[in-house]
Amino acid sequence: MARLFSPEEKKSIVADYAIQRSYAAVARKYGLSPNGVKKIILADPESAELFAKKSEEITGGILDYMDTLKPQVCKILKVYTNQLTNKSKLKQANVKDIAVALGIIIDKFTANAAKPPDAAQKEALEKLDTMIKGLSDEAKR
């Protein structure tokens with residue numbers, strides 16, 4: 001027999017869906033089927049829309065805050081990439097660690113490839129290119 005939810009519980013389900021955007025995830029939390037969650041969402045479109053807007057506002061605020069941290073992150077990235085181009089550090093590191101570090105950096109840069117890079121990003125990309133070339137040359141020896 002299907003469980004009956006109070007109006008407050010239904011609002012919680014709708015709010016969780018607005019944040020998680022996954023019927024399955026919300027269903028697991030409340031012991032429902034994904035279709036059960038979907039029915040509750042569709043039965044209260046006004047709340048679903050309100051919660052979705054609030055979720056977007058929160059996400060926008062977080063992204064705005066992250067944008068303010070870009071100069072600091074670029075400085076950290078510069079320090080990190082300088083260490084990755086340090087020949088004595090490279091000789092001490094194993095290939096797997098170097099590959100993982102490079103993969104992470106490349107993934108993060110290519111995720112925003114559609115956006116025009118600013119001066120700090122250009123400098124970091126140039127250092128990354130130099131570092132990759134140096135590793136490639138080192139591997140050939």
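Pairing each residue of region 1-21 that is under 13 Å from GLU46 (Cα atoms) with any residue that is outside any helix (DSSP H, G or I), provided the two are 6+ apart or on different chains, yields C-beta distances under 7 Å for LYS10/ASP44; VAL14/ASP44.
The one condition from (1) surrounded by 15 or more Cβ atoms within 10 Å (Cβ to Cβ); (2) part of a helix (DSSP H, G or I) that PHE5 does not meet is (2). SER88 falls short of the stated requirement of being assigned by TED's automatic domain parsing to the domain that holds ALA15, out of contact with any Gly (no Cβ under 6 Å at 6 or more places or on another chain) and not acidic (Asp, Glu).
No other residue among LYS70, LYS91 is farther than 30 Å from ILE13 by Cα, out of contact with any Pro (no Cβ under 8 Å at 6 or more places or on another chain) and either exposed (fewer than 10 other Cβ atoms within 10 Å of the Cβ) or of a type in the set (A, V, I, L, M, F, W, C) (or both) apart from LYS91.
Residue-by-condition table, conditions (1) outside any helix (DSSP H, G or I); (2) acidic (Asp, Glu); (3) exposed (fewer than 11 other Cβ atoms within 10 Å of the Cβ); (4) more than 23 Å from the chain's Cα centre (by Cα):
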| residue | (1), (2), (3), (4) |
| --- | --- |
| ILE13 | no, no, no, yes |
| ALA18 | no, no, no, no |
| VAL37 | no, no, no, yes |
| SER47 | no, no, no, yes |
| MET66 | no, no, yes, no |
| ALA101 | no, no, no, no |
| ILE106 | no, no, no, no |
| PHE109 | no, no, no, no |
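Here is the figure for region 74-85: residues that are of a type outside the set (A, V, I, L, M, F, W, C) and either touching a strand residue (DSSP E or B) at 6+ places or on another chain (Cβ under 6 Å) or more than 14 Å from ALA101 (Cα to Cα) (or both) total 1. For first residues located in region 89-110 and in contact (Cβ under 8 Å) with a residue 12 or more places away in the chain, partners that are acidic (Asp, Glu) and lie 6+ apart or on another chain with Cβ distances below 9 Å form the pairs LEU90/GLU138.
The values are calculated or read from the model by the stated rules, or taken from the named source; none is laboratory data. What you see is a predicted model, and the numbers here were worked out from it, not measured in a lab. So basically every Cβ, Gly included, is an ideal-geometry build from the backbone, and we count neighbours across all protein chains shown.
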